[in-house]
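Here the structure comes first, spelled out in structure tokens, and everything after it is commentary.
The values are calculated or read from the model by the stated rules, or taken from the named source; none is laboratory data. Bear in mind that the values here come from a model prediction, so they are computed numbers and not experimental data. Using ideal geometry, Cβ is built from the backbone for each residue, glycine included, and neighbour counts are taken over all protein chains shown. Heavy atoms of the whole protein, side chains included, go into the accessibility calculation; ligands, DNA and RNA do not. Shrake-Rupley method; radii C 1.70, N 1.55, O 1.52, S 1.80 Å.
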Amino acid sequence: MPEIDALFESINVRDLLAGHDLNDPTTPLSAPDLRLLINRLESHSLRIKSKVQSYLVAHHSDFSELFSVCQDAVSRTRLISDDVSDVLQLVSDRPIDVEIRSVVDEITEKTKEVKLKRESLDLVSAIVVICEALQETKEALKNGRFRFAAERIRELKIVLRIGEEEDGEPVAYALLRKEWSTCFDEIQEVLAKFMENAVRFELESSRLQIKYQLSVGETAGIALSTVLEAMEVIGMLDYGFAKAADSIFKHVITPAVTHASTFTAVEDSSKASGEITEATLWLKKSSDHKIEDVDGDAIYSGILKVVKFICSSLCFGNSTWIHSFGRLTCPRISELIISKFLSKVVPEDASKLADFQKIIERASQFEAALQELNFVSPSDAESRLSKYAEDVEVHFASRKKIEILAKARNLLLQCNFTIPQEIAMRNANLKSDGVESLDVSSSKHIVCLLFSSERCVVSEAASQLMNLVHKTLEDVCVSSARVASEFYNAARDSILLYEAVVPVKLEKQLDGINQAAVLLHNDCLYLFEEILGLAFEYRASFPSSIKEYAVFADVAPRFKLMAEEVLQKQVHLVISNLREAIDSADGFQNTHQMKQFESAQFCIEQVVFSLEKVHMIWKPVLRPKTYKQSMCVVLESVFRRIARDILLLDDMAADETFQLQRLIYLMLENLSSLLDSLRSADDTCRPLDDLIPSLRKTRKLAELLDMPLKSITSAWESGELSSCNFTRTEVQDFIKAIFTDSPLRKECLWRIDDVSQ
């Protein structure tokens, strides 16, 4: 109705309120405006109603036709609903679908029953057939028809799916499998008894007997070949041959290896009615055994004779049977030859390795002969003898490596890390100018360092260890690549053994001040320089394959570091002990009192005694330069500590300064011989005061203790005290501790401050 739509769209409130701004929210509508709006809306409403009425009157016929169509549609819907209700009523009165479903279910159930009965019948039939087959197998086994019984066992194994059991199978199958297993065990046992009866070794007559017509119990006249065929069918060749192979290996093959020079095998056979009934291998001792079997010819020929007899007389030339017997005996034969022959002829000297080539060739020929006889399958051949013989260089080198490492280990464990008293005294009296000298070749304890050309006292273990390493590396230079590699590794491992064994062995000694610790320091220093020189000495003569990785530079720094750590630990232990001794002086306080003075004097004596003891331990062992440096470090710590304790005193009486000066002079006097030994320890011209700065300071401190105040001030102004490592604060505190407060003291302190500024 486009006319009506246009009418509604023509209504616009804005037009009804002309002149009023509806967009302004702050301006409300007034009452007259609202009344005007209502009147105009009512007018428009009347116009709309009039228009709608006119439209309905104009289209009356159309509306009448539309209503008539709607009434017809409603009537047809009611008719359809009535028909559907009638059908539903009819179905509910007679439920045919239920009957159909029932018939279908019954048919399905009957079909399942028929199928199940048919399957059950088939199963019963199969069980009956299997039971009959098992019964036939047992009967055939009793009658000696082993081949037939073995084939039936093999067929039933497939039918019963032995080894492929599944869950939910009929119980009858489990019972049948159990019955099959019983039958299999029975035939296996019977065949094994026949094989045991077929192959016998008589110890008294030393003969191996193989019978071809066998009988066990009531079963007689069974051919050996029939037994072997049955064994092959059921797959029990290895089981059946096991006892025979073990007996032949023990009583025939083993003597052929261990007594090859006197071993002789002679074949024989017995006939009846023109047929061979048994074969015999007689083992006899040869009277000619003067020639030594160097290459193993007698061993290999004896074993081959036995193997040929087995292949022809026992296995009838059947390759399958021969392979089975070979699998049981060949690995044991190889191990026996290796342990009883090859391992014993490995050369003791690397120069004799070339003579071993013939033995290698004979081992290869022996294994080739076994393959030709089908005793060893080409696919299963390991060539253990050939590989062992060809690797004789490796075996030789491995054995030598073990010997070298064992010798090195014994050297380290048996050494007590002490030096003879004579060597110690001579080394302690050795002068730096070389007037007295030690003969390096006269003792295992005296060595010459490679790079510094200094003589050094080392343990017997270190010197002998390096001799062993040098000898091993000399062998590397004249050996083949494989042997050289083993020798090179043996040399490296021998050196590393020192690092692994000795620190653990000397663990307790390293925690104290003793000669073994400083001897370990010397050993490590000696090994460090020797290891660095190994590459320069031998590398050019090494085989080319070894040169690529033969290095020792990675090992040497470890010994250098160990030497430094051991020496530093010794110095630290000495300093710690001396500090504990000095602590007993209680800071050198109140020494003007007799008890305190005696305590301080005893402390000084203890320090001197400890230093003399360290001197007696270190000097005979350490190199002069090392000894001097280490003792200077220790003395520096002692003088610095004593000077510091005295300078920290805040009040000293006149008698106290005298006693302190007396203590210092006592200490210097008692240490004079030690200080003199340090001056002549090496050929350096550096003054001892430069090496021990606190020594000069301690001496000056003794002078200051009875020096006038002005003299002390003048000594500071002249720089004399600062050159002795005194600080301004130490000098001022020293003056305050000795001299009472006075104008002169203030003036002197001011002068010291003025000089410092």
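Brief remarks on what is shown
- Contact annotation: residue pairs with Cβ atoms under 6 Å, 6 or more positions apart or on different chains, pairing a residue in segment 356-371 that is acidic (Asp, Glu) with a partner that is surrounded by 14 or more Cβ atoms within 10 Å (Cβ to Cβ) and not in a helix (DSSP H, G or I), are 367/383.
- With respect to (1) basic (Lys, Arg); (2) free of Cβ contacts under 8 Å to residues at least 24 places away in the same chain; (3) open to solvent by 60 Å² or more (accessible area, probe 1.4 Å); (4) at negative phi, the lone exception for residue 154 is condition (2).
- Residue list for segment 511-542, restricted to those being aliphatic (A, V, I, L, M), farther than 20 Å from residue 420 by Cα and open to solvent by 20 Å² or more (accessible area, probe 1.4 Å): 532, 535, 540
- Some residue of segment 658-679 being of a type in the set (S, T, N, Q), out of contact with any helix residue (DSSP H, G or I) (no Cβ under 6 Å at 6 or more places or on another chain), surrounded by fewer than 22 Cβ atoms within 10 Å (Cβ to Cβ) and farther than 18 Å from residue 615 by Cβ: no
- Any hit, segment 559-575, residues being more than 30 Å from residue 494 (Cα to Cα), of a type in the set (Phe, Trp, Tyr) and surrounded by 14 or more Cβ atoms within 10 Å (Cβ to Cβ): no
- Among residues of segment 723-753, those that are open to solvent by less than 80 Å² (accessible area, probe 1.4 Å) and assigned to a helix (DSSP H, G or I), counted: 17
- Condition broken by residue 313, with the remaining ones in (1) open to solvent by 80 Å² or more (accessible area, probe 1.4 Å); (2) modelled with pLDDT of 80 or more; (3) of a type outside the set (Lys, Arg) satisfied: (1)
- Considering residues of segment 263-293 that are in a loop (DSSP other than H, G, I, E, B) and surrounded by 12 or more Cβ atoms within 10 Å (Cβ to Cβ) only, the residue modelled with the highest pLDDT: 286
- Qualifying residue in segment 253-262 (condition: farther than 30 Å from residue 127 by Cβ, assigned to a helix (DSSP H, G or I) and free of Cβ contacts under 8 Å to residues at least 24 places away in the same chain): no
- Test: residue in segment 632-648 that is within 22 Å of residue 580 (Cα to Cα) and among the acidic types (Asp, Glu): yes
- In segment 135-166, residue modelled with the highest pLDDT [restricted to those that are farther than 12 Å from residue 190 by Cα and either among the acidic types (Asp, Glu) or in contact with a strand residue (DSSP E or B) (Cβ under 6 Å, 6 or more places away or on another chain) (or both)]: 151
- For segment 473-505, the candidate set comprises residues that are modelled with pLDDT under 90 and among the β-branched types (Val, Ile, Thr); within that set, the residue that is nearest to residue 682 (Cα to Cα) is 476.
- Residue within segment 463-486 that is in a helix (DSSP H, G or I), in contact with a His (Cβ under 9 Å, 6 or more places away or on another chain) and either open to solvent by 40 Å² or more (accessible area, probe 1.4 Å) or not basic (Lys, Arg) (or both) present: yes
- Close pairs (7 angstrom Cβ cut-off, 6 or more residues apart or separate chains): farther than 15 Å from residue 644 by Cα and outside any helix (DSSP H, G or I) in segment 696-722, hydroxyl-bearing (Ser, Thr, Tyr) and open to solvent by less than 70 Å² (accessible area, probe 1.4 Å) anywhere: 706/657
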